[in-house]
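Nothing in this text is a laboratory measurement; each read-out follows from the coordinates by a stated rule. Bear in mind the structure is a predicted one, so any value in this text is a computation, not a measurement. All Cβ positions, glycine included, derive from the backbone under ideal geometry; neighbour counts span all protein chains shown.
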Amino acid sequence: MRFAALTEDLDIRWFEEPVSSDDPAGLHTVRSQTPAGLEVAAGEYIFTLDDGRHLLSHGAIDVLQADVTRCGGITGFLKVVALAEARHLDISAHCAPAMHRHLACGIPRLRHVEWFHDHVRIEQMLFDGAPVVRDGNITPDFTRLGHGLCFKARDAARFHVSGEALT
């Protein structure tokens, strides 16, 4: 909270997990004592719908983060989106843009899809059809089926770890 107060003149607008998502009371305290316009975002580590409900029930955040790779796949993600929509909160899709970009087209309150260069690099190394930024945006490739990805087995082979090496 001191950091937020000391940097208020910088017009910072995004405060991501200033305390753990496991501490909704702490998030609520931060949210209620930081400058107006500074939004508190959290939730990238929610795994179940109950985790999302718990976080939202405290009025702890301004933007709910969710990650399709952690919260039960596409169905789980859409359930989390419904929770946020019911409370008139925006959603931030956490990482994995290759998995979120198609979903993002159907989310009414989508703030953005987070783009971490290291994650994107792995997606592009291992999947044909991984998104590429053009003019600050990513778009689905509607010429491809499903999520539009095809695993590059040949490229991934060099990362294979045999089961014997693990025992």
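Looking across ASP141, ASP50, ASP67, one residue alone is in contact (Cβ under 8 Å) with a residue 24 or more places away in the chain and of a type outside the set (Phe, Trp, Tyr). It is ASP67.
Restricting the search to region 70-88, which residues are surrounded by fewer than 19 Cβ atoms within 10 Å (Cβ to Cβ), in contact (Cβ under 8 Å) with a residue 24 or more places away in the chain and farther than 20 Å from ALA130 by Cβ? Selection gives GLY72, LEU78, LYS79, GLU85, ARG87.
Across region 113-148, the qualifying residues are those that are acidic (Asp, Glu) and in a loop (DSSP other than H, G, I, E, B), and the one among them that is farthest from PHE77 (Cα to Cα) is ASP135. Summed over region 149-167, residues that are hydrophobic (A, V, I, L, M, F, W, C), touching a Leu at 6+ places or on another chain (Cβ under 7 Å) and either assigned to a helix (DSSP H, G or I) or in contact (Cβ under 8 Å) with a residue 60 or more places away in the chain (or both) total 1.
Among the residues in region 111-126, are any free of Cβ contacts under 8 Å to residues at least 12 places away in the same chain, surrounded by 12 or more Cβ atoms within 10 Å (Cβ to Cβ), under 21 Å from LEU64 (Cα atoms) and out of contact with any Ser or Thr (no Cβ under 6 Å at 6 or more places or on another chain)? No. Filtered by the rule that a residue be charged (D, E, K, R), surrounded by 10 or more Cβ atoms within 10 Å (Cβ to Cβ) and farther than 21 Å from GLY106 by Cβ, region 127-167 gives ASP128, LYS152, ASP155.
Please determine whether any residue of region 80-96 is of a type in the set (D, E, K, R), within 22 Å of ILE61 (Cα to Cα) and in contact with a Cys (Cβ under 9 Å, 6 or more places away or on another chain).
No, region 80-96 contains no residue that is of a type in the set (D, E, K, R), within 22 Å of ILE61 (Cα to Cα) and in contact with a Cys (Cβ under 9 Å, 6 or more places away or on another chain).
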